[in-house]
There are 2 protein chains.
Amino acid sequence: MTDRDWQQWMIAAGTRARAAARILARTPAEARRAGLRAAAAAIRDRADAILAANAADIARAEAAGLSGAMLDRLRLDPARLEGVAAGVEAVAGLDDPVGSVIDRRERPNGLDLTRVRVPVGVLGIIFESRPNVTADAGALAVMSGNAAILRGGSEAVETNRALYAALVAGLVDAGLPADAVQLVETTDRAAVGAMLAAAGLIDLIIPRGGKSLVARVQAEARVPVLAHLDGLNHTYLHAAADPAKAEALAINAKLRRTGVCGATETLLIDRAFPEPGRVLAALVDAGCEIRGDAEVQALDPRVVAVEDADWDTEYLDAVLSVGFVDGLDQAIAHVERHGSHHTDAIVTEDTAAAERFLAEVDSAIVMWNASTQFADGGEFGLGAEIGIATGRLHARGPVALEGLTTYKWQVRGTGQTRP
Amino acid sequence: MTDRDWQQWMIAAGTRARAAARILARTPAEARRAGLRAAAAAIRDRADAILAANAADIARAEAAGLSGAMLDRLRLDPARLEGVAAGVEAVAGLDDPVGSVIDRRERPNGLDLTRVRVPVGVLGIIFESRPNVTADAGALAVMSGNAAILRGGSEAVETNRALYAALVAGLVDAGLPADAVQLVETTDRAAVGAMLAAAGLIDLIIPRGGKSLVARVQAEARVPVLAHLDGLNHTYLHAAADPAKAEALAINAKLRRTGVCGATETLLIDRAFPEPGRVLAALVDAGCEIRGDAEVQALDPRVVAVEDADWDTEYLDAVLSVGFVDGLDQAIAHVERHGSHHTDAIVTEDTAAAERFLAEVDSAIVMWNASTQFADGGEFGLGAEIGIATGRLHARGPVALEGLTTYKWQVRGTGQTRP
């Protein structure tokens, strides 16, 4: 298909999605919940077909020489598939944001103004190899009253198709529109281009994947994007940090899971912090590679020399840049210069210092005496998240159902004319 | 200057703006208010210089053959200039959104999560001939804790420069950073291109002007845009509308001021509405041209034939498209097909019909028994507005101080690590 063909396809798909979105927006929460429960049941009913499709994707990926971690992300087994179905049911149990009143005011002329949450409309969700996103993202869209157009990774094309068929069969069984969720069943990258250009057809693009995907989306999109870029997160051990908490938090923030976006990548240690050697030794003993300058290397012979680029590197691995700073201002300046405005933490027993850090560090999530690994919608009590937004507008940090809504103003009068 | 030179200029201006934004974000409300009051005083002190600069712009515009309405928009006189100063003082008196708590929750593990409003950061505001925007937009930016880069229209270049000099002199007198508000003192359109491409330097672009400006911004911007497109607004006279209210609302919605974006452009009349002829006659008698099909023309010989394009035309004039519909569904379908999702109203005494209209019409502002001319931040009790957003994300409808903020998550712990 040519780019022009893809444009035509996008107009058709977008028009169907808009019609479905209008229906979903006025579908009561109970009907949306019922649709998702039916979708979960359909995923369970069709487990054999979905796992067979996944086996075909895995075989193709192995033949293409895909590596262990990528293969693992792609693979479904009965337990993981049950997790997918249970995840869809969990979304069905979340609080409904649609129709909730943000605020209400009565004007002196008697006009009654209410701001009420409404779905965004049509979401375009572009993701990579994990096939569970087909179900997760579709469920979050439907529960927030949005239609969605999904475009998954080419490695998972068979799995996505089978999971999607189950999801839609469930939605339709429960009386929801078949176009509530559409899947772009192609591996042609031009389809992504058509989605990114679909101003007026898609209201919000959400990329879920690695840096190159997000960068392409941000560079090309003519549609607003809710993007999660890197998590180049800092933990700062302040002069007044409790050494035991500092050690535990540094280890957890870096090493609990090194591949998640909430992992700490740089540890800043105040020169006045009493026990830097203890923290470094604990990290190295736990299997972490430490990169630091001569001052850091002097504390532990196992520290490797840091290079300039390290301060701007999201390792997503058991590697940590460590640097000394003189006081809060230098720490904040370092975070502002090198951070990605995702999640940054201070460890201190000094309330005033902590409050300055929380106020002045310009990140989506700022933490005091807590592990950056808590950066997660579930840990925040939001239920499933569609991602962690590092942009500044509409929604920041973990984005769950509320982040997939917007609002409108309802004005109720009794015949008022404006003087 | 070449495009490359403009990029370099943008990097320098954006870097200064970011530094100022960081200071403003932690400047207490009282200091921001004091800055704006000093700016208002400086505008009054420098009235002679500002009016002289305006006279130069007017002379140049007259020599270039500018028309009456455009010339009027450009012109300042002592009364208008006092209005500009008073407007800056009014912004200084608004509620401060920065630091207000959106919500707060404690997690079972003891983590205390607070969502708190923070400024967006650096605003890029691009506007056309009205020079008062220099002061209005600058004041709204400063009061919401944002830095701003302003780019005004070439016709008003001298006036903008003089107004801007007064504004900044006041801010600096009161101890605020000189780079809090910057003015792009050029008529070169390439400067706008550099602003639109300034991802990471400018956080939000706000165009204030006509359709061609907004369209260019939306087509080119690599930065999020808070745009106000047309106000192709509808008033729908339902079967159960009170005829006297219907007449008064139709006349006010269309004719109170025809050039504002909240003006009604299309009147939909239900075939079951009892007195369509009375409403049409009142409109024509009040000086409105009515465009309608044969069925409408049959009601009043003064009705002109409507053409297809009329349903999609924002007249901004004493002209009104009038059409008959059969019931609420047809009315909503017409609004969804032809409207611009700005402001749409139903007139009815039937609560159920009104609530369906308020729920189902997908516009930023939906009204029941009220004139669409109330679409205005001041009328909504928000104070001065920077515009009326017709997009779907971040902010919809009248955008005032709150719409110029975003939020961050502050997490307060006592050493929690994630299991």
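The values are calculated or read from the model by the stated rules, or taken from the named source; none is laboratory data. Predicted model, so just to flag it, every value in this text is computed and none were measured. When we count neighbours, we look across all protein chains shown, and the Cβ atoms used for this are built from the backbone with ideal geometry, even at glycine.
Report yes if B:Asp173 is at negative phi, among the acidic types (Asp, Glu), surrounded by fewer than 18 Cβ atoms within 10 Å (Cβ to Cβ) and touching a residue at least 60 places away in the same chain (Cβ under 8 Å), otherwise no. Here the answer is yes, as B:Asp173 does meet what is asked. In segment A:301-315, what residues are touching a strand residue (DSSP E or B) at 6+ places or on another chain (Cβ under 8 Å) and either surrounded by fewer than 17 Cβ atoms within 10 Å (Cβ to Cβ) or farther than 13 Å from A:Glu289 by Cβ (or both)? A:Arg302, A:Val304, A:Ala305, A:Glu307, A:Trp311, A:Glu314 - these are the residues of segment A:301-315 that are touching a strand residue (DSSP E or B) at 6+ places or on another chain (Cβ under 8 Å) and either surrounded by fewer than 17 Cβ atoms within 10 Å (Cβ to Cβ) or farther than 13 Å from A:Glu289 by Cβ (or both).
If the condition is being in a loop (DSSP other than H, G, I, E, B), of a type in the set (A, V, I, L, M, F, W, C) and within 14 Å of chain B (Cβ to nearest Cβ), then segment A:180-226 contributes A:Ala197, A:Ala198, A:Leu201, A:Ala221, A:Val223, A:Leu226. Given the condition more than 7 Å from every other protein chain (Cβ to nearest Cβ), more than 13 Å from B:Gln410 (Cα to Cα) and buried (at least 24 other Cβ atoms within 10 Å of the Cβ), answer yes or no: does some residue in segment A:351-374 qualify? Scanning segment A:351-374, I find no residue that is more than 7 Å from every other protein chain (Cβ to nearest Cβ), more than 13 Å from B:Gln410 (Cα to Cα) and buried (at least 24 other Cβ atoms within 10 Å of the Cβ), so the answer is no. Taking the criterion of being within 20 Å of A:Gly397 (Cα to Cα) and out of contact with any helix residue (DSSP H, G or I) (no Cβ under 7 Å at 6 or more places or on another chain), the residues of segment A:339-353 that qualify are A:Gly339, A:Ser340, A:His341, A:His342. From the list B:Arg73, B:Arg16, the lone residue that is surrounded by 14 or more Cβ atoms within 10 Å (Cβ to Cβ), at pLDDT 95 or above and in a helix (DSSP H, G or I) is B:Arg16.
Screening A:Phe380 against (1) touching a Lys or Arg at 6+ places or on another chain (Cβ under 9 Å); (2) surrounded by fewer than 21 Cβ atoms within 10 Å (Cβ to Cβ); (3) modelled with pLDDT of 95 or more leaves a single unmet condition, (2). Taking segment A:375-392 as the search range and keeping residues that are hydrophobic (A, V, I, L, M, F, W, C) and without any contact (Cβ under 8 Å) to a residue 40 or more places away in the chain, which one is nearest to the other protein chains (Cβ to nearest Cβ)? By that ranking, first place goes to A:Phe380. When segment B:334-387 is limited to residues that are among the β-branched types (Val, Ile, Thr) and more than 11 Å from B:Gly262 (Cα to Cα), the one that is nearest to the chain's Cα centre (by Cα) turns out to be B:Ile386. Across segment A:327-341, the qualifying residues are those that are touching a residue at least 60 places away in the same chain (Cβ under 8 Å) and surrounded by fewer than 21 Cβ atoms within 10 Å (Cβ to Cβ), and the one among them that is farthest from A:Leu268 (Cα to Cα) is A:His338.
Based on what the data block shows, is A:Ala389 under 30 Å from B:Ile365 (Cα atoms) and modelled with pLDDT under 95? Answer is yes for this residue.
Please tell me if A:Arg189 is surrounded by fewer than 22 Cβ atoms within 10 Å (Cβ to Cβ) and within 27 Å of A:Glu402 (Cβ to Cβ). Taking the combined requirement at face value, the residue does not satisfy it.
Residues considered: B:Gly377, B:Gly387, B:Gly413, B:Gly383. Of these, the only one that is on the phi > 0 side of the Ramachandran plot, of a type outside the set (Lys, Arg) and in contact with a strand residue (DSSP E or B) (Cβ under 6 Å, 6 or more places away or on another chain) is B:Gly387. In segment B:255-274, the qualifying residues are those that are surrounded by fewer than 22 Cβ atoms within 10 Å (Cβ to Cβ) and within 21 Å of the chain's Cα centre (by Cα), and the one that is farthest from B:Val347 (Cα to Cα) is B:Gly259. Kindly establish whether A:Val116 is on the phi < 0 side of the Ramachandran plot, in the same structural domain as A:Asp77 (by TED's automatic domain parsing) and in contact with a strand residue (DSSP E or B) (Cβ under 8 Å, 6 or more places away or on another chain). The answer is yes for A:Val116. In segment A:57-70, is there at least one residue being under 30 Å from A:Pro224 (Cα atoms) and part of a helix (DSSP H, G or I)? Looking through segment A:57-70, at least one residue is under 30 Å from A:Pro224 (Cα atoms) and part of a helix (DSSP H, G or I).
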